[in-house]
Every structure is written in C-alpha cells, then in structure tokens.
Amino acid sequence: MPLIFLNGGAMRGGPLNHLLAGAPFAGEVTTAPQYRFYSIGDRFPGLHPVPDGGAPIAGELFEVSMDVLRKSLLPAEPPELELGVIELDDHRSVLAMLLRRPPVSYPQLIDITEFGSWSTYREGTR
C-alpha cells in the first residue's frame with residue numbers, strides 16, 4: 001500500500017483521523033529540508049516545495065489503500081491542496097498533500113515553517 005505523509009487534522013488524535021478508516025500507522029517522520037510550511041486561514045496546514053530556504057517538517061506516515069484515498073481522504077481535502085509526492089529526510093518518496101500549484105496568493109496564508117509542525121504551531125497560537 002502507498003505511504004502518505006500527514007501533517008494536519010488526519011494525524012492520530014486529530015478530528016479527521018477517522019477518514020483513514022483504520023489505515024495502519026507507519027511512524028513519525030520528518031520531511032527533507034526543502035519545504036515551506038503554511039497555515040491556510042488557521043484551518044489547515046500546507047506544504048510547499050522550495051529550491052532554497054526550506055526546513056524539515058514533522059508529520060506522520062500511514063499505509064493507506066487506494067480505495068481509502070479515493071473514497072474518503074481526497075474528497076475531504078480543501079481545494080487549496082493537491083496530492084503530490086514529497087521527500088522525507090531518509091530520502092524516501094511518499095504521497096502528501098501540497099499547496100496547489102501554481103502557488104496561489106491565498107489571503108490568509110501564514111508562513112509557519114519555523115514551528116516545524118502543525119501541532120507546535122497550534123499550541124503556540126492558543
């Protein structure tokens with residue numbers, strides 16, 4: 001089954017984790033340092049690949065079936081995100097949700113790269 005990197009509400013304990021329909025957890029991981037990380041209206045996070053100035057972003061890996069991806073997870077994703085492939089810090093390539101390309105100037109886009117994870121950002125803004 002394909003591996004998908006999750007870094008928002010579908011992570012363990014998150015409000016959207018049920019969308020994974022019991023997909024096996026495959027570990028906590030970090031991206032390669034080639035991504036910027038954004039909060040979109042404080043509703044959800046988004047990764048954006050960059051040639052320079054990126055940082056490692058923490059998340060979780062899940063083994064997700066194509067059926068779960070097609071029927072449950074992808075239909076629930078917001079229109080600002082699209083499915084892509086990212087590189088982890090161990091050089092594996094996995095699926096992930098990325099900011100839709102070409103990058104659109106979203107009015108509520110906040111660069112949260114320095115926080116390194118969605119949960120750290122959310123804890124720091126409460």
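Laboratory data are not the source of any read-out in this text; all were calculated from the coordinates shown. Nothing here was measured: the structure is a model prediction, and the numbers come from that model. As a convention, Cβ positions derive from the backbone with ideal geometry for all residues, glycine included, and neighbour counts pool all protein chains shown.
Fully extending the segment from ARG12 to ASP67 would add 17.8 nm, taking 0.36 nm per residue of separation and subtracting the current Cα-Cα distance.
How high is the relative contact order of the chain? Use alpha-carbon pairs under 8 Å, at least six apart in sequence, and give a whole percent.
Values: 242 pairs, mean separation 41.6, N = 126.
After rounding, I find 33 percent.
Mind checking the full-extension length gain between ARG43 and THR125? Use 0.36 nm per residue of separation minus the Cα-Cα distance, one decimal, nm. Don't skip to the end; give the middle numbers.
Values: separation 82, 0.36 × 82 = 29.52 nm, distance 1.25 nm.
Taking ARG43 through THR125 to full extension adds about 28.3 nm, to one decimal.
Over the chain, DSSP H runs of length four or greater, each weighted -39,500 (n - 2.57), average out per residue to a 222 nm ellipticity of -1500 deg cm²/dmol.
Shown is the FRET efficiency for ALA76 and GLU114, computed with R0 = 35 Å from the Cβ-Cβ distance and rounded to the nearest 0.05: 0.80.
Couplings 3J(HN,Hα) for region 27-39, derived from phi with the Karplus relation 6.51 cos²θ - 1.76 cosθ + 1.60 (θ = phi - 60°), are x, 7, 9, 9, 6, 4, x, 10, 9, 9, 10, 10, 9 Hz, where x marks Gly and Pro.
Available extension along the chain between ARG100 and MET1 is 33.2 nm, counting 0.36 nm per residue and deducting the alpha carbon span.
For the chain, the alpha-carbon coordinates run over 33, 29, 29 Å along the three principal axes, in decreasing order.
Each part reduced to its alpha carbon centroid, region 75-91 and region 1-23 end up 12 Å apart.
Neighbour counts of C-beta atoms inside 10 Å place TYR35, TYR121 in the sequence TYR121, TYR35, starting with the fewest. For region 3-124, the Cβ-based charge dipole about the Cα centre amounts to some 360 debye (Lys, Arg positive; Asp, Glu negative; other atoms uncharged).
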